[in-house]
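Okay, so here's the structure we're looking at.
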Amino acid sequence: MKKLTVALLTVAVMVTGAYAGTSSKTFKETVAPVSECKFRDQELQIDAFGLGAFYNEGRPGWGGGIGINYFFSKFIGVGIEQDMFGRKEQDSQGYTEWATAGNVFLRLPICSLNLAPYAVVGGGAAYGGERSGHGFGHVGGGLEYRVTDNIGLFSDARYVYSTIDPENAVAVRTGLRFAF
């Protein structure tokens, strides 16, 4: 009987030792993939846009333009644009005006939504038509949505301060932005 008891105790000790150690259930740590921001540092952009200029007096001007921008970081950039738009006064024939402007952009990308609200300040010169060669400054803001890593849709509005009284206006631009 002693041999049977010792044998059962030995088997019991060996069986409990076989189940000792790590548990059979494992916990895996799940790591969410890091979404890359579509708005990059050191980014070159080319803009193509339609433009509407709504003046304090007279009829609006309609046209478009192109621009090139460079962002030093995700947040700060500079740019230059060339606009062309036509306008017809009530008491005269229509005319075409060209405008060249330099801009400074401050943007705040919301990477999870592919959106970037931005502020813009700048100035330049307008020429052509009846009012040849006058300066202007502008301040405004806009919103860009990145459809892909390299293509975005944007729209912005600016209040334009002109050196010719009463030529102050609100300029609205909408277009495509190609980023490289």
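FYI, it's all coordinate maths here, none of it is from the lab. Note that this is a predicted model, so its numbers are computed, not measured. Cβ atoms come from the backbone with ideal geometry, glycine included; neighbour counts cover every protein chain shown.
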Original post:
Are any of the residues in segment 56-66 among the aromatic types (Phe, Trp, Tyr), crowded, with 17+ Cβ neighbours inside 10 Å and in contact with a strand residue (DSSP E or B) (Cβ under 9 Å, 6 or more places away or on another chain)?
Top reply: no
**OP:** Please tell me if Leu51 is closer than 15 Å to Gly175 by Cα and surrounded by fewer than 18 Cβ atoms within 10 Å (Cβ to Cβ).
**Re:** no
Original post:
Would it be correct to say that Thr148 is more than 19 Å from Thr96 (Cβ to Cβ), in a strand (DSSP E or B) and either of a type in the set (S, T, N, Q) or in contact with a Lys or Arg (Cβ under 6 Å, 6 or more places away or on another chain) (or both)?
Top reply: no
Original post:
Here are some residues: Gly124, Gly77, Gly152. Which one is touching a strand residue (DSSP E or B) at 6+ places or on another chain (Cβ under 8 Å), more than 21 Å from Glu36 (Cβ to Cβ) and not hydrophobic (A, V, I, L, M, F, W, C)?
Top reply: Gly124
Original post:
If you check Leu115, Leu108, which single one turns out to be of a type in the set (A, V, I, L, M, F, W, C), within 12 Å of Phe39 (Cβ to Cβ) and surrounded by 15 or more Cβ atoms within 10 Å (Cβ to Cβ)?
Top reply: Leu115
Original post:
Which is farther than 30 Å from Val147 by Cβ, in contact (Cβ under 8 Å) with a residue 24 or more places away in the chain and in contact with an Asp or Glu (Cβ under 6 Å, 6 or more places away or on another chain), of Gly65, Gly58?
Top reply: Gly58
